[in-house]
Amino acid sequence: MSENLECLELDKVETVAVVKFRDKKVMDPSRIEQMGRELLDLADDEENERLLINFDNVSFFSSAAINKLIVLEKQVRAKGGKLRLCNLRPEVRDLFSYTSLDQMFQIDQEQVESIEALTN
């Protein structure tokens, strides 16, 4: 597991790897590239079969960042893992809704709901 995460914070809750973004606005292209690498590295780690992306601190999420999540979701699914999202603010949730990505991703209101769903 990568200990030197530049764009993400990682915590373990039970058997779930909980990921939070360090940036409130995820929009800088170089940071998004780094974030994408970090997410894929986390997904490659056998200990992170269950991933939860917590958007608690995020007020803006660019379309380029969403593309990184789509790649992550495909990689997690291909490995037989599980991925959920939680704590999306209304403005970020609307972006997922407008793009119909709320159909692709499992999205929960609160982290506790996601942890429960991922551990059952």
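When residues in the stretch 68-90 are screened for being in contact with a helix residue (DSSP H, G or I) (Cβ under 8 Å, 6 or more places away or on another chain) and either polar (S, T, N, Q) or over 18 Å from GLU116 (Cα atoms) (or both), 8 of them pass.
The residue of the stretch 28-50 that is farthest from LEU118 (Cα to Cα), among those that are touching a helix residue (DSSP H, G or I) at 6+ places or on another chain (Cβ under 7 Å) and surrounded by fewer than 16 Cβ atoms within 10 Å (Cβ to Cβ), is PRO29.
Laboratory data are not the source of any read-out in this text; all were calculated from the coordinates shown. In this text, all values refer to a predicted model and were calculated from it rather than measured experimentally. Counting neighbours? That spans all protein chains shown, and the Cβs are built from the backbone with ideal geometry, glycine included.
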